[in-house]
Number of protein chains: 2
Amino acid sequence: MSSPKAQVSAERALCGLVTGLSRQIGDHLRERAAMIGLTSAQATALRELTGPMTMSELAERMSCEPSNATFVIDKLERQGLLERHPHPTDRRAKQLVRTEAGTELRERLLELLTEDSPLAELSPQEQAMLHALLDRAVTKH
Amino acid sequence: MSSPKAQVSAERALCGLVTGLSRQIGDHLRERAAMIGLTSAQATALRELTGPMTMSELAERMSCEPSNATFVIDKLERQGLLERHPHPTDRRAKQLVRTEAGTELRERLLELLTEDSPLAELSPQEQAMLHALLDRAVTKH
DNA sequence: ACCGTAAGCTTCAAGCTTGAAAGATTCAAG
DNA sequence: CTTGAATCTTTCAAGCTTGAAGCTTACGGT
């Protein structure tokens with residue numbers, strides 16, 4: 001069960017690279033989001049709000065805790081980008097709906113996000129290979 | 001300069017995978033750190049404190065702002081795991097030195113971190129390929 | 001020696017994130 | 001129907017992270 005030392009060290013380096021790239025992706029998002037007055041968390045929420053959905057669904061899409069979604073959605077609601085409507089069939093849930101302003105800003109955001117992608121350095125073939133490897137790594141368990 | 005829509009979508013998916021894997025790595029760290037009463041940030045600091053170094057050096061190694069290092073090091077110092085000594089030649093700087101308890105806990109931490117690596121699913125060959133690709137992606141700028 | 005700029009560290013405000021706890025509502029089993 | 005477990009959301013405390021501002025000290029040019 002004990003791995004050779006060289007392999008342990010290789011894995012650590014790999015972790016560093018993954019985290020580094022993830023950081024770059026996050027920085028890119030933050031930079032683009034700032035252009036339209038959003039933080040990166042708010043931008044993620046707006047990006048994932050593809051249509052009306054509940055808090056849970058959004059949290060799921062954002063890969064965060066529901067309590068965090070509450071916090072971020074509060075900000076977006078205060079900016080008039082979306083509204084919390086009562087859910088049509090479940091009185092426990094809220095249905096998030098973009099306002100017109102929210103929809104417009106989302107369009108703008110999606111455009112901005114396609115510019116200067118952090119992965120632009122890789123060819124489509126390399127991207128495909130990377131995708132396959134990451135898929136295998138993520139779907140470990 | 002405009003990329004085809006399919007490629008934009010592929011890049012977005014890739015970003016999601018990278019962030020997801022990075023999250024898994026972070027979760028693994030947090031879980032292991034919790035076993036010895038540390039948060040993940042504290043564990044990162046202790047892991048990177050390979051020997052006496054300044055705050056700046058540590059912040060660099062942790063890939064974070066110096067102000068953040070101040071915050072995290074405060075916690076570790078309060079737990080008696082390290083001390084801030086005056087730097088021998090630069091009176092502006094502090095020299096961080098692990099206490100004996102800090103050194104012992106660090107050993108334990110390093111052991112824990114090698115267990116159940118989030119990348120264990122990949123063979124050494126795959127890891128090497130991944131490493132190469134990530135290297136290219138990160139070194140874009 | 002003097003001065004301006006830069007570096008090292010800290011403090012602060014603002015925002016993000018998690019996990020636990022609590023209130024409201026749903027749903028299924030009796 | 002009633003009860004109990006599960007779900008949806010929010011609140012709160014604690015911790016992480018960044019960026020700006022400020023203090024002290026270092027260093028290069030004059």
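The values are calculated or read from the model by the stated rules, or taken from the named source; none is laboratory data. Quick caveat: nothing in here was measured; it's all calculated off a predicted structure. Glycine gets a Cβ as well: all are built from the backbone with ideal geometry, and neighbour counts include every protein chain shown.
Key figures
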| read-out | value |
| --- | --- |
| Selection from segment A:25-37 of residues that are in contact with a helix residue (DSSP H, G or I) (Cβ under 7 Å, 6 or more places away or on another chain) and either within 12 Å of DNA strand D (Cβ to nearest atom) or more than 7 Å from chain B (Cβ to nearest Cβ) (or both) | A:GLY26, A:LEU29, A:ARG30, A:ARG32, A:ALA33, A:MET35, A:ILE36 |
| Any pair with Cβ under 6 angstrom, 6 or more apart, that starts in segment A:49-73 at a residue that is more than 20 Å from B:ASP27 (Cβ to Cβ) and more than 7 Å from DNA strand D (Cβ to nearest atom) and ends at one that is among the aliphatic types (A, V, I, L, M) and not in a helix (DSSP H, G or I) | A:PRO52/A:VAL97; A:MET53/A:LEU96 |
| Complete set of residues in segment B:38-48 that are in contact with a strand residue (DSSP E or B) (Cβ under 9 Å, 6 or more places away or on another chain) and more than 9 Å from DNA strand D (Cβ to nearest atom) | B:LEU46 |
| Among residues of segment A:23-40, those that are crowded, with 19+ Cβ neighbours inside 10 Å and outside any helix (DSSP H, G or I), counted | 1 |
| Positions within segment B:116-128 being surrounded by 14 or more Cβ atoms within 10 Å (Cβ to Cβ) and either under 18 Å from A:SER22 (Cα atoms) or touching a residue at least 60 places away in the same chain (Cβ under 8 Å) (or both), in sequence order | B:SER117, B:PRO118, B:LEU119, B:GLN127 |
| Search result, residues across segment B:113-136 that are more than 7 Å from every other protein chain (Cβ to nearest Cβ) and assigned to a helix (DSSP H, G or I) | B:LEU113, B:GLN125, B:ALA128, B:ALA132 |
| Top-ranked residue of segment A:97-141 - restricted to ones that are more than 25 Å from A:SER40 (Cβ to Cβ) and among the hydroxyl-bearing types (Ser, Thr, Tyr), ranked as farthest from the chain's Cα centre (by Cα) | A:SER123 |
| Which numbered condition B:LEU113 misses (of (1) exposed (fewer than 13 other Cβ atoms within 10 Å of the Cβ); (2) at pLDDT below 95) | (1) |
| Tally, over segment B:41-62, of residues that are in contact with a Gly (Cβ under 9 Å, 6 or more places away or on another chain) and assigned to a helix (DSSP H, G or I) | 1 |
| Residue selected from segment B:41-58 under the condition surrounded by fewer than 18 Cβ atoms within 10 Å (Cβ to Cβ) and within 14 Å of another protein chain (Cβ to nearest Cβ), by the criterion nearest to DNA strand C (Cβ to nearest atom) | B:GLU48 |
| Residue check, B:THR103 within 10 Å of DNA strand C (Cβ to nearest atom) and either at negative phi or in a strand (DSSP E or B) (or both) | no |
| B:LEU14 in contact with a helix residue (DSSP H, G or I) (Cβ under 7 Å, 6 or more places away or on another chain) and within 16 Å of B:LYS94 (Cβ to Cβ) | no |
| Meets criteria (within 29 Å of A:ASP116 (Cβ to Cβ) and within 14 Å of chain A (Cβ to nearest Cβ)) for B:THR19 | yes |
| Candidate set: segment A:74-90, residues that are within 9 Å of DNA strand D (Cβ to nearest atom) and more than 12 Å from A:THR54 (Cβ to Cβ); chosen: the one nearest to the other protein chains (Cβ to nearest Cβ) | A:ASP74 |
